[in-house]
Amino acid sequence: MKAEGVGIVSYGTYVPRYRITPDEIGRVWGVDGVAMGKNLNIHSKSVPSPDEDTITISTEALRVAMTRGGIDPRDIGAVYVGSESHPYAVKPTATIVAQAIGATPNLTAADFEFACKAGTAAIQVCMGLVASGMIKYGVAIGSDTSQGAPGDALEYSASAGGGAFILGKDPIIAKINATQSYTTDTPDFWRREGQRYPSHGGRFTGEPAYFRHVTECGKGIMASEGTTPADYQHVVFHQPNGKFPQRAGKLLGFNEDQMRYGMVTPWIGNTYSGAALIGLANVLDHAKPTERILVVGYGSGAGSDAFDLTVTDNITNFDRQTGTPVQQDLDHGMTINYSIYAKFRGKIRLSGE
Amino acid sequence: MTVARFWRETLRRYNLGASKCPECQAVFFPPRSVCPNCSVHRKSLTKMEACQLSGRGEVYSYTTVHEAADGFEMQVPYVLALVKMAEGPMLTGQIVDVDPKDIREGLPVRATFRRLRADGDDGVIHYGYKFALENGAAAKK
């Protein structure tokens, strides 16, 4: 699928400050956390403060993008927020985010949900609206504060963070050459209405789910674009842990150099809808003009969205310092113990609750 | 706080909406409809201009809260500060993501968007500004 002339006008990210290590989580549950971290290739994961949620993370990320791009809020025609941890079941995250950047009332807004790929789905919708001329700029956000059940394998990776991308035609820092999706009904991970924590199919989340969708979608977009892995300087995959994207990259024929900047989960954990977008943001933080980027997102349930991008000359003068560059979030954080983590994530119930 | 009362305040809580006197250029937060500084108050009547604070300021004074207000129990001990904004107004707000022992007067801060409180498990969630240390210096390892 192509949307002529459409690309990324600006972007921003937000990752909460706090971090917890697999070692500390394992200590509480009587598990070898060091081995678990090594197995998942996760050194630490981000933890949101008690006053942070998908709405605050989305707003902070978008405010960075607005400032970096010098965007007039009145030019925003759509705000879509993809997440599986919207604070309200009914009442859109997107309306609060749009109000907080001063873009209301003359725009359309909605919340998206497709496990970890709701943010990339939002990018595709914005591409269509911009290409058709219905709007000047569209905002696509992927943001989450997801949780794993205490003691579950997911607890070692589920973290918080988000990325906001402003799509438009001019001036673009990266052109989106094409997008492609691969979607099936695959029950690898789910959360029933009203349930506090998600459930998953254990090993089933690998071969028939993540790997099949990511590799088929990646192969599909390269076939339609007539490219090979050697044509890309950077590749970004959805990264539920630090191991899956490494293996997906190898299966598709990419090397570690190409995956270097797109890998963020080992230091901040799996930010779900934010994961691929924060990886792409880190690539853009380091990218040079004419470089080509392949992004393949994944959402359980299941589907993949792939994007083929080319960085433009505008990246040279683009403000990549406002807010927090992704590398800074990978390098710094405030490490907390499991007790504080449990308090922050609402795992401790107060009397009367 | 009722839903309607908070909703009426979203402009200033979300976006630091303020007002500016066209005569003496003083900025007010929350917004005022008349400038109290100008000798002839009426000169500013109907002429006050809506504006938005940049969100940047510095810690003027602070205290550490150990006995939390309702809804803040999970955050104690937390820092509550008077922040002198770059445009002039003084705001009261929480400083987030900081160890209380790392806070001091004069530190540069920026406004950040956070949850202020929630009306129970089934009520409205209120959002608005708090402050974080500029560049997060104290948060680095």
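The values are calculated or read from the model by the stated rules, or taken from the named source; none is laboratory data. Just so we're clear, the structure is a prediction, and the values are computed from it rather than from any experiment. As a convention, Cβ positions derive from the backbone with ideal geometry for all residues, glycine included, and neighbour counts pool all protein chains shown. Quick note on the areas: whole protein, heavy atoms, side chains included, nothing else; ligands and nucleic acids left out. Shrake-Rupley method; radii C 1.70, N 1.55, O 1.52, S 1.80 Å.
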Using modelled backbone amide H atoms (1.01 Å from N, in-plane), which distant-in-sequence or interchain residues come within less than 5 Å of B:Ala18's amide H?
-> B:Cys51, B:Gln52, B:Leu53
With the Cα gyration tensor of region B:56-133 giving a ≥ b ≥ c as the square roots of its eigenvalues, does the rule (a/c under 1.5 for rounded; else a/b larger than b/c for prolate; else oblate) give rounded, prolate or oblate?
-> oblate
Would you pull out the residues with amide H under 5 Å of A:Phe112's amide H, same chain only if 5 or more places away, H placed 1.01 Å from N?
-> A:Val81, A:Gly82, A:Ser83
Separation of region B:73-141 and region A:232-250 by C-alpha centroid, Å?
-> 36
Farthest toward the dipole's positive end in region A:204-353, which of A:Leu284, A:Ala342, A:Val326, given Cβ charges of +1 (Lys, Arg) and -1 (Asp, Glu) about the Cα centre?
-> A:Ala342
Vicinal HN-Hα couplings computed from phi for region A:322-329 (Karplus, 6.51 cos²θ - 1.76 cosθ + 1.60; Hz; Gly/Pro x) = 4, x, 10, x, 4, 4, 5, 5
Treating only Lys and Arg (+1) and Asp and Glu (-1) as charged, each at its beta carbon, one finds that chain A has a dipole about its Cα centre, in Debye to the nearest 20, of 340
Volume per residue of the C-alpha convex hull in chain B, rounded to whole Å³ | 124
For region B:120-131, take each phi angle, set θ = phi - 60°, evaluate the Karplus expression 6.51 cos²θ - 1.76 cosθ + 1.60, and give the result in whole Hz per residue in order, putting x for glycine and proline.
-> x, 7, 10, x, 6, 9, 9, 10, x, 8, 10, 10
Cα Rg, Dmax, the protein assembly as shown, angstrom units | 22.7, 76
By the C-alpha gyration tensor axes a ≥ b ≥ c (rounded if a/c is under 1.5, else prolate when a/b exceeds b/c, else oblate), the shape of region A:273-348 is oblate
With a 1.4 Å probe on protein heavy atoms only, tell me which residues of region B:99-123 lose at least 50 Å² of accessible surface in the complex relative to the chain by itself.
-> B:Phe113, B:Arg114, B:Arg115
For region A:1-71, averaging the sequence separation of alpha carbon pairs under 8 Å that lie six or more residues apart and dividing by its residue count, the contact order in percent is 46
If you keep only loop residues by DSSP, which trypsin sites (Lys or Arg not before Pro) in region B:39-134 have at most 15 other Cβ atoms within 10 Å of their Cβ?
-> B:Lys47, B:Arg104
For B:Gln94, enumerate residues with amide H under 5 Å from its amide H, sequence gap 5+ or separate chain, H modeled in the peptide plane.
-> B:Ala81, B:Phe131
For region B:74-141, give the magnitude of the charge dipole about the Cα centre (Cβ charges: +1 Lys/Arg, -1 Asp/Glu; no others), in debye to the nearest 20.
-> 240
Over all directions, what mean area does the Cα convex hull of region A:122-261 project, stated in square nanometres?
-> 10.3
Rel. contact order, % - alpha carbon contacts under 8 angstrom, at least six apart, region B:56-133 | 30
In straight Cα distance, which aspartates and glutamates are under 20 Å from A:Lys175, not counting same-chain residues fewer than 8 positions off?
-> A:Glu4, A:Asp75, A:Glu225, A:Asp231, A:Asp285, A:Glu291, A:Asp305, A:Asp308, A:Asp313, A:Asp319
Could you sort out which of A:Lys136/A:Lys243; A:Lys136/B:Lys84; A:Lys117/A:Lys243; A:Lys45/B:Lys130; A:Lys136/A:Lys288 sit more than 30 Å apart by Cα distance in this structure?
-> A:Lys136/A:Lys243; A:Lys136/B:Lys84
In terms of the Cα gyration tensor, with a ≥ b ≥ c the square roots of its eigenvalues, is region A:103-182 rounded because a/c is under 1.5, prolate because a/b exceeds b/c, or oblate?
-> prolate
Would you compute, from DSSP H runs of 4+ residues alone, the mean residue ellipticity of the protein assembly as shown at 222 nm, taking -39500 (n - 2.57) per run and dividing by the full residue count, rounded to the nearest 500?
-> -7000 deg cm²/dmol
